[in-house]
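To start, the structure itself, in structure tokens.
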Amino acid sequence: MTITLWGRPSSARTQKVLLALAELGLDFDLVLASATMGAAGHVAKGNQAFGVVDTPAYRAMNPNGTVPTIDDGGYVLWESNAIVQYLAMTYDPAGFYGGDARVFASASRWMMWENNELIPPMHTYVKHTIRLPEEQRDPASVDAAREALIAAWRIVDHQLSRTTHIAADAWTMGDIPMTIRVHRWALLQADTPDFPNIARYYDRVRARPSFAAIADPQMHLAG
Ligand SMILES: N[C@@H](CCC(=O)N[C@@H](CS)C(=O)NCC(=O)O)C(=O)O
């Protein structure tokens with residue numbers, strides 16, 4: 001049975017699921033859904049959102065009204081990292097975490113860390129450099145977000161001096177959010193120090209065939 005994914009291509013959390021599905025080579029149907037973005041851009045600029053997320057049918061699946069959500073043969077799940085972990089455990093434990101509880105926990109730890117430390121400042125950065133109309137952008141918020149991100153990237157760069165991938169010396173599901181963040185940060189061309197280990201990592205993850213699922217700059221820079 002084909003998996004259904006509700007989401008929007010410009011959502012980094014939707015991209016986590018797109019990247020996981022590409023790694024697994026699974027067929028899926030994408031239903032475009034969002035309260036904040038549509039085909040032409042962000043609602044803050046007067047654009048029409050994809051919608052769907054405010055319908056009773058969607059709220060019955062996901063009471064948050066956020067994306068992504070999946071339905072895999074009647075099993076409905078929201079929360080992007082939980083979806084990736086479900087897909088990993090169901091379809092490829094060996095490939096996604098070496099079938100090993102400790103590798104699973106290490107990868108899971110980086111997925112949670114990305115959620116807590118990278119997403120909030122990067123969300124602010126993107127909002128105030130791309131998504132909001134220019135008159136609503138706040139340069140102080142951009143500077144604070146960049147400083148927070150640089151501090152977080154130092155931690156990532158240090159980890160990548162110890163292991164070739166974020167959670168181990170092999171690719172794991174922990175690399176899914178990290179690949180998306182590293183790619184998005186590179187595309188944003190922010191003023192940032194050189195991080196040589198992150199640069200090597202970026203080359204490595206970009207060489208994976210699955211990267212094509214999230215490569216398009218428009219998925220990251222759509223405003
Ligand atoms: N913790 C949730 C957060 C979900 C979330 O906030 N998703 C964003 C997109 S990245 C969203 O739905 N934004 C509003 C919208 O597009 O309607 C997850 O990881 O799935």
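The values are calculated or read from the model by the stated rules, or taken from the named source; none is laboratory data. These numbers come from a predicted model, not from an experiment. FYI the Cβ positions are ideal-geometry reconstructions off the backbone, even for glycines, and counts take in every protein chain you see. The protein model used for the area step is the full one, side chains on, heavy atoms only, and it has no ligands, DNA or RNA in it. Shrake-Rupley method; radii C 1.70, N 1.55, O 1.52, S 1.80 Å.
Regarding Gln218, is this residue over 20 Å from Ala39 (Cβ atoms), of a type in the set (S, T, N, Q) and open to solvent by 30 Å² or more (accessible area, probe 1.4 Å)?
Against the criterion (over 20 Å from Ala39 (Cβ atoms), of a type in the set (S, T, N, Q) and open to solvent by 30 Å² or more (accessible area, probe 1.4 Å)), Gln218 does not qualify.
Working carefully through the options Arg131, Arg137, find the one that is buried (at least 19 other Cβ atoms within 10 Å of the Cβ) and not small (Gly, Ala, Ser).
Being buried (at least 19 other Cβ atoms within 10 Å of the Cβ) and not small (Gly, Ala, Ser) holds for just one of Arg131, Arg137, which is Arg131.
Please verify whether segment 146-153 includes one or more residues that are farther than 23 Å from Leu188 by Cβ, in a helix (DSSP H, G or I), assigned by TED's automatic domain parsing to the domain that holds Thr192 and out of contact with any strand residue (DSSP E or B) (no Cβ under 7 Å at 6 or more places or on another chain).
Scanning segment 146-153, I find no residue that is farther than 23 Å from Leu188 by Cβ, in a helix (DSSP H, G or I), assigned by TED's automatic domain parsing to the domain that holds Thr192 and out of contact with any strand residue (DSSP E or B) (no Cβ under 7 Å at 6 or more places or on another chain), so the answer is no.
Please verify whether His123 is touching a Lys or Arg at 6+ places or on another chain (Cβ under 9 Å) and either within 16 Å of the ligand (Cβ to nearest atom) or modelled with pLDDT of 95 or more (or both), treating the condition exactly as stated.
For His123, the condition - touching a Lys or Arg at 6+ places or on another chain (Cβ under 9 Å) and either within 16 Å of the ligand (Cβ to nearest atom) or modelled with pLDDT of 95 or more (or both) - is not met.
Report, ordered by the first and then the second residue, all pairs with beta carbons closer than 7 Å, sequence separation of six or more or different chains, a first member in segment 149-164 that is modelled with pLDDT of 95 or more, and a second member that is outside any helix (DSSP H, G or I) and open to solvent by 70 Å² or more (accessible area, probe 1.4 Å).
Note: pairs meeting the criteria are Thr163/Asp169.
The rows are residues; the columns are (1) surrounded by fewer than 16 Cβ atoms within 10 Å (Cβ to Cβ); (2) among the aromatic types (Phe, Trp, Tyr); (3) touching a Ser or Thr at 6+ places or on another chain (Cβ under 9 Å).
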position: Ala170; (1), (2), (3): yes, no, yes
position: Pro177; (1), (2), (3): no, no, yes
position: Ile180; (1), (2), (3): no, no, no
position: Leu188; (1), (2), (3): no, no, yes
position: Asp191; (1), (2), (3): yes, no, no
position: Asp194; (1), (2), (3): yes, no, no
position: Arg200; (1), (2), (3): yes, no, yes
position: Ala222; (1), (2), (3): no, no, yes
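Residue by residue, here is whether (1) part of a loop (DSSP other than H, G, I, E, B); (2) in contact with a Gly (Cβ under 6 Å, 6 or more places away or on another chain); (3) outside the structural domain of Ala107 (by TED's automatic domain parsing); (4) of a type in the set (Gly, Ala, Ser) holds:
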residue: Gln159; (1), (2), (3), (4): no, no, no, no
residue: Pro177; (1), (2), (3), (4): no, no, no, no
residue: Asp194; (1), (2), (3), (4): yes, no, no, no
residue: Asn197; (1), (2), (3), (4): no, no, no, no
residue: Asp203; (1), (2), (3), (4): no, no, no, no
residue: Ser210; (1), (2), (3), (4): no, no, no, yes
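So, restricting to strands (runs of 3 or more DSSP E) that lie completely within segment 1-119, which ones have at least 1 residues that are within 9 Å of the ligand (Cβ to nearest atom)?
In segment 1-119, the matching strands (runs of 3 or more DSSP E) lie at 3-7, 69-72, 75-78.
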